[in-house]
Every structure is written in structure tokens, then in C-alpha cells.
Amino acid sequence: MVGFQYTTWVGLLTAAASDPRMRASVSRFLGFVWVAVAVAQPAWAQIELPTPRSHYEDYDPEQAAQQLLLQLAVKIPADSRERALELFHRAKEGPKEGGSIDLTTEEATRLLESAGWDEWRPELLRLLLHRSNALDIAPEAAKQFIPLIHDSLLFFLDHLSEARLIERIVAQANLPADAERGERVLAFITNTPSLQKIAQILARNRSIEADFREALQTVENGLATAQYGEIRGQLDDETSDEMRREYRLEPADQLLAEASVGAIIQVSFTRPGSTERESAACKVLKPYAVAAMKEDLEIINELLEYLEQESDFYALGKTPLVDIFQEISRALAREVRIEDERDNLVRAGEYYQDDSKVLVPELYSFSTQNVTCMEFVRGVKITDAFAGRPEDRAVLARRLSDALTFDVLFSPQEVALFHGDPHAGNVFHVENDPARPYRIALLDWGLAAEFSRREREQLIQLMLGLSLNHTKRIANNVDALVEWEPKTPEDRQQMRLRIEALMAEQPEEGTFKLLDGLIVGLAQDGYSARFNTTMFIKSQLTIAGILTELDPDFAQDEYMNNRISGQVTRELHTRLLRTVYFPAWNSHSYKSMMSNEDVKDVQFQKIGRGFKAIGRGIWKGITFQWLF
């Protein structure tokens, strides 16, 4: 019987290698084989990097899968072949209802724990990466970075603990052969907080193909990996009997939402001395996510060391990767530091307390060391608001731009606070509020930063310099983007030449994309980016995707310029006085932070991509034309 099974096994694999009609079956069974070769030995870093350039021209995942199947057929233990053959037949006959072969890590471990896999492990990881479709996410403009992305992800896989590596292999194995690309990517990043955070950032990026965007948007707050019992158990363990009695806490019987590191349970309660029932959203960190984030960050640090060693191969130049990613690592680490999120939540509540357009949830006193309970926001993700009502969605887009861009840059406060992670899962439209129909709620304050007025003045000068193509103005303010302290006039001249070269390479893009490109270019020249400014610019790129989704005709730069123009108009009286009093001509003390000289430059040159609207009709009142 065993001999017959072995012959049938090899025969089926040989037929699959030669018959295109069986490729779907091979693809299905490939998932099983991934588990087969992964479960027996502990994972350790052994893959050879960098990957040769020829790999991207010659590699065929289907052919590689067939070869791997044939090689492994003779290695699978005899007492496991009957079950393996059963799984293969199920794959050949097509997925059952639900589209899964229902292979668990536990079953695979019991079934194939003696199957040696060390010899094929590198090929397995390459196959897993290519079959995940993760590389296909890169937009056309980023194709030049595929070797860097490819090897970074391979390095990440190669350094994962065995349990987590098997987890994503099983996730791929349980997908049907005809699974969509987005499904495969989601399986690839399963329970990986660092990759899920990247997915949240990319989810609204219009340069990524629509099917990938749709899949990645589920990571914003629509995951379904946590178990209610586990999360509820943590909540019960954290809240004392006394607290539950005092506030009459009653948790819901299902999870409200789940994101990369936390899960939310809705809880009803009554404040002491009141009879009114209210609702809270209690955020519980997923224990698995906390441990996984720690491992992710350790791997990222090792990856950076590798990339610095191979910077020539990946054409990284002098890019200070360690400095850049240390900042990113710190940002990711904040995701699991509850105390930081609470501090930011309280600060944000105070900062926005007089702003009727923005709601920051109230932090409740029955929060515990590991559970954050806050005001329950009755609303929907901002991208889901006003479905089928384009006019209302257009108004909401303008409100969002005001709240997260204009009001931050031109805040009357000396230090402005801004949300550092404004993906759609963290920005809600507040419903059932007739007095404020376009109110926006800002959730999850794990990432936040501050902007001093001086930093904002410099950023406005950079934006103006980009608009007017004034490289000198950009060079004079570039230290808002990167750490740079010129010591001589020659230093400034060299920076100006460097910026001219970078600007010549920039495509026609919006202001914040240009600023982002400038940071990248300077980083490649060896300058360290400033964290707060970089976070703000990155947040604006995330917001841009939401704005376009709300209103396809929304022009972020044009709207911003019109708002600045209106602000300058409101400053006309004061500007007239300073036109007469010439020593104050260059003052930036206005709310717009633009001097009369700045406004003159805009009106007189009338060039560039933005700020044109600022000068229209304004300068007639404050130029020499008006005086004489």
C-alpha cells in the first residue's frame, strides 16, 4: 500500500510539472508543501543576500514550486504520505465551500515534524515572498527599488521566529488557488504589526493599484484576528470588582473593532452620582502584538546594519538609514506604550477643547494600566461618510484639510499639536450631530508631535520657495527638514547647488510630495531628517489620499493657497501700516507668517505650482501702485 501511494504521489507531481491544467492544483498544494518544509527545524538566518540581479529576470514562481514539490516528494516521511496524499487530492479537486484546506500549524507540525527542510529553506522563503504578491504593491515610480524591497522582506522572513514564520506560511496555504492579490498580501502581513502599520499608511495612496488599496484598508480597523474571550478576559482582569460596581461596567458581547496592536470592546457605564448610561470604547493591547512588535523592531535594527553594509549594491549612497529607521522604530514602539497615547490624548483634548469642528475622545478614569477607556464616538470612518452625497463629502474634505493641515500650520498657539497617524481608521465623521454636521473625530493618539512657530515659519518659507522656484529661499530654511548648521557662506552655496540638482530631478507633484522628495534626496546625501517635520509631511501624504477619496476634484494645494490668500486679506490693515513703516516690511509676525516681501514676490513673479492665488487682488492694496 505504501509503495502504491508513493508511486501515485510522484506520478501526480510529475504530471503537475508537465500539465498546465494542473497548475491550480499545484498552487493549492504548494501551501501545504510550505508548511511541510517549515515545521521540522527551528528557523535561523541562512539565506544568501543580496539577491543577484538576474533573479528578477529569470525567476518563475510556478516553475520553482513544481521543482520544489518534486524534490520534496522523496523526503516526506512514509508514515505521513497518506495524509499528504489526501491533502493533495483535496487541492486537485478544488477548494471546498469556504475555499480553505483548513490546515493548522498544529496539524502540520504533527504530520511533518520529521521532514527535513534546511536544504530548501532559502528557496521556500523566496517562493513565499513572490507568491504573496507583496512586491506587486510597489507603484511604477518605485520599481527601481524592487531589489531593496525584495531583499528587505526576505531578510525579515529569514529572521522571524519559527512560530511566526510558520504562521504566515499556513495563512498562505489556506488560501484558495484563485485568491485575489490583496488576500495574499493580507495573509503575508498577518499578525505583523510593523508591516501592518506600513499597510495602513499605504492604504489610501492613489499611486497603488485599486485592488491593493481596498485590501490594505481592512488593516485600518477591520482586522479579525483577536479572540473576544482573550480580550474580554484581559479587560476583566484589569478592572477590579470595586471599579465594576462603582461604574456599573457592562462590556458588549463582541469586539467593536481591531487594528494592528489593539482591539476595542464597547462598554456601557454610569458615572458615580448619575443615572444616565453612557458608552465607552475600551482599547486593549493584544498580547501577541506587543511581543510581535518587539521582535519586529529587533529584526529592523539588524536589517539596517545589513543594508548599510550593502549600500553600494542597493544604490543607497550616503543615506543615513540607521538614523532614519531609528526614528521609525521609536514611532512604532510608541504604538504599544499606553502611557504615551494617554498623555497625547489628554494634551489633544486640551488643545482642541475650543474647536467645535474637532472631537477628541475624553479619557475616562476607569482606565487601567493596560486598558485605555475613552469616550465612544458614534460615527464612521471618514471615507465612509455621506455615502452617495458628493456635495457633503466635498465639504467634509475641506473640513479635514482645515483641521489637519491649515489649522496646524497657522495655529495661533506658540506650539501646535498634530496627529501623526491620520489614516482613515483613526479619523471618523461624527454622526447624529445636527448642530455640527461635518464634525471630525481624531482617534488613536499613539503618534503625535509638536510644531513650534519657528518651525512652521520655516516650513511656509520652504513651501513658498518650491512654488516660486527660489532655491536660495529653500536653502536658507532647509534646516527645518534636516539637521544642518552652515558655518560659512560656502556651506550655503553648496546646499543651494545641491537643492537645485534635487529640484531638477523632481517630477511635477504637489507641495508635500515635493517636500517629501526633498527630504529623501537630502537623506541620500547623508543628512538626518528632523522627526517632527518629516512626520507632519508624511501625515499630509496620508491625508491627501483621504481627501481625494472624499472628493476626486479636491486640489489640496489650490485649496491651501486660497485659505492662505484669505488670511493675508484679513491682515491687510496691519500690512498697510507696515508698508509705510518700512523697517517692519520683512516681519513674519502675521498669522499667515508671510511678510510683505513674501507677498510681493508672489504677486510679481506669478510662477510656480502654488501660492498664485495669494497675490491676486491683494497686492494692489499694499504695493507702491497703491501708494502712488
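A short reminder: the numbers here are calculations on the coordinates, not readings from a lab. Quick caveat, the model's predicted, so the values are computed rather than measured. Note: ideal-geometry Cβ built from the backbone for every residue, glycine included; neighbour counts use all protein chains shown.
In a fully extended conformation the segment linking residue 59 and residue 218 would gain 54.2 nm over its present Cα-Cα distance, using 0.36 nm per residue. Subtracting the Cα-Cα distance of residue 354 and residue 277 from their residue separation scaled by 0.36 nm leaves 25.1 nm. Residue ranges 389-396, 332-339, 122-129, 482-489 sort as 122-129, 332-339, 389-396, 482-489 when ordered by packing (mean number of other C-beta atoms within 10 Å per residue, highest first). Of the GluC sites (Glu not before Pro) in region 485-521, the ones in a loop by DSSP (not H, G, I, E or B) with at most 12 other beta carbons within 10 Å are 508. Of the residues 497, 165, the one with the fewest other Cβ atoms within 10 Å heads the list, and the complete ranking is 497, 165. By other beta-carbon atoms within 10 Å, ranking 527, 56 with the fewest at the front produces 56, 527.
Taking other residues whose beta carbon is less than 11 angstrom from the beta carbon of residue 403, and scoring Lys, Arg as +1 and Asp, Glu as -1, yields +1. Taking other Cβ atoms within 10 Å as a rough exposure proxy, 445, 585, 120 sort from fewest to most as 585, 120, 445. Our Cα-only numbers for region 194-286 put the radius of gyration and Dmax at 16.9, 54 Å.
Label-to-label distance, residue 520 versus residue 391, with points set 7 angstrom from Cα along the beta-carbon direction: 4.0 nm. For the residue pairs 197/357; 294/381; 143/197; 197/591; 283/513; 283/381, the alpha carbons lie more than 24 Å apart in 197/357; 294/381; 197/591; 283/513. Take each peptide in 264-277, 465-478, 588-601, count the other Cβ atoms within 10 Å of every residue, and average; sorted highest first, the result is 465-478, 588-601, 264-277. Taking label positions 7 Å along the Cα-Cβ direction at both residue 505 and residue 346, the computed distance is 4.6 nm, reported to one decimal.
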